[in-house]
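The values are calculated or read from the model by the stated rules, or taken from the named source; none is laboratory data. Note that the coordinates shown come from a computational prediction; the quantities given were computed from them, not determined experimentally. Neighbour counts are summed over all protein chains in view; Cβ atoms, including those assigned to glycine, are modelled from backbone coordinates with ideal geometry.
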Amino acid sequence: MTEQDSEPTPNSPVRQFMFGSEVFSVALSIGVVNGLLIIGGALLGAWLDRMFGTKPLFVLALILIPAPLGLFLTFKLAQNAALRVGAVYQTKTKKTHPTAEESPSERS
């Protein structure tokens, strides 16, 4: 097996790039979701305020009400990313580092 065919080590530049791109992906997803909630709520609130003549009521309500939803979605996105990164890391290290629960025949 050549050096190119081997799995990346935990501190290799390839592994660090994969981790960094996953972090960037999660941060971008969180930003887009929360941005859409805030901007969408503000635009919808401004339109409703114009329709009903209640100047700050709907804008404030539709910015503040989705805040818990944004926090929940942020938590879920981060949790899913952590599970994906952890699963990839465990899969790669499990092949090279057998656990004590494995029988000697499974180790080879």
- Query: For the range 36-84, which residues satisfy the criterion of being farther than 30 Å from R15 by Cβ and small (G, A, S)?
  - Reply: G40, G41, A42, G45, A46, G53, A61, A67, G70
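Can you tell me which residue in the range 1-58 is modelled with the highest pLDDT, limited to those that are part of a helix (DSSP H, G or I) and of a type in the set (K, R)? Step through it out loud before you land on a result.
Filtering the range 1-58 down to residues part of a helix (DSSP H, G or I) leaves 13-52, 57-58.
Then drop every residue that is not of a type in the set (K, R), which leaves 15, 50.
On the way: R15: 78, R50: 96.
The selected residue is R50.
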- Kindly establish whether G40 is closer than 30 Å to E22 by Cα and over 17 Å from the mean Cα position of the chain (by Cα). yes
- Item | Complete set of residues in the range 59-76 that are more than 11 Å from N34 (Cα to Cα), part of a helix (DSSP H, G or I) and among the aliphatic types (A, V, I, L, M) | V59, L60, A61, L62, L64
- Residues (over 30 Å from A82 (Cβ atoms) and touching a helix residue (DSSP H, G or I) at 6+ places or on another chain (Cβ under 7 Å)) located in the range 26-55: A42, L44, G45, A46, L48, D49, K55
